[in-house]
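A.B. asks: The structure's right below; bear with me while I get my questions together.
The values are calculated or read from the model by the stated rules, or taken from the named source; none is laboratory data. It should be emphasised that the depicted structure is a prediction, and the values quoted were computed from it without experimental measurement. Every residue, glycine among them, receives a Cβ derived from its backbone with ideal geometry; neighbour counts consider all protein chains shown.
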Amino acid sequence: MPYGTADPTYTATITGFVNGDTQASATTGSPSLTTTPAAPSAPNVYPITAAIGTLASTNYSFTYNPGTLTITKGTLTVTAGSATASTEQLTQPSPHPPPEP
């Protein structure tokens, strides 16, 4: 995500269900997903830490793997200013002659 934009909402994927179980049928709550600092803004790569939060299950235990938040540098655009000159201005002799060699 580019520098200067809002941090995204962090998401988690839970895998490893068996016997036709799904996240909706076998778990309740949601994991805690955090970064340090809480609202990073400088371009860098930040770890997203997954923890239990309110996540619960009768038939499963949980392991947690971190994710990453990558903030890239913003892009600046440099636009040269426009200039015009008339041919009259270009062909008139200079009021100051060039120095003699």
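A.B. asks: Please work out if Val45 is in contact (Cβ under 8 Å) with a residue 12 or more places away in the chain and either exposed (fewer than 10 other Cβ atoms within 10 Å of the Cβ) or among the β-branched types (Val, Ile, Thr) (or both). Spell out how you get there, then give the answer.
C.D. replies: On the way: in contact (Cβ under 8 Å) with a residue 12 or more places away in the chain: yes; either exposed (fewer than 10 other Cβ atoms within 10 Å of the Cβ) or among the β-branched types (Val, Ile, Thr) (or both): yes.
For Val45, the condition - in contact (Cβ under 8 Å) with a residue 12 or more places away in the chain and either exposed (fewer than 10 other Cβ atoms within 10 Å of the Cβ) or among the β-branched types (Val, Ile, Thr) (or both) - is met.
A.B. asks: Taking Pro40, is it modelled with pLDDT under 85, surrounded by 10 or more Cβ atoms within 10 Å (Cβ to Cβ) and of a type outside the set (Ser, Thr, Tyr)?
C.D. replies: Working: modelled with pLDDT under 85: yes; surrounded by 10 or more Cβ atoms within 10 Å (Cβ to Cβ): yes; of a type outside the set (Ser, Thr, Tyr): yes.
Yes: the conditions hold for Pro40.
A.B. asks: Okay, next question. Could you list, in sequence order, the residues of the range 1-37 that are surrounded by 14 or more Cβ atoms within 10 Å (Cβ to Cβ) and of a type in the set (Phe, Trp, Tyr)?
C.D. replies: Result: Tyr10, Phe17.
A.B. asks: Let me ask something additional. Among the residues of the range 63-78, write down those that are in contact (Cβ under 8 Å) with a residue 12 or more places away in the chain and among the hydrophobic types (A, V, I, L, M, F, W, C). Full working, then the answer.
C.D. replies: Narrowing the range 63-78 to residues in contact (Cβ under 8 Å) with a residue 12 or more places away in the chain: 64-75.
Within the range 63-78, Leu69, Ile71 meet the criteria.
A.B. asks: Restricting the search to the range 35-56, which residues are more than 15 Å from Ala6 (Cα to Cα), touching a strand residue (DSSP E or B) at 6+ places or on another chain (Cβ under 6 Å) and hydroxyl-bearing (Ser, Thr, Tyr)?
C.D. replies: Matches in the range 35-56: Thr49 only.
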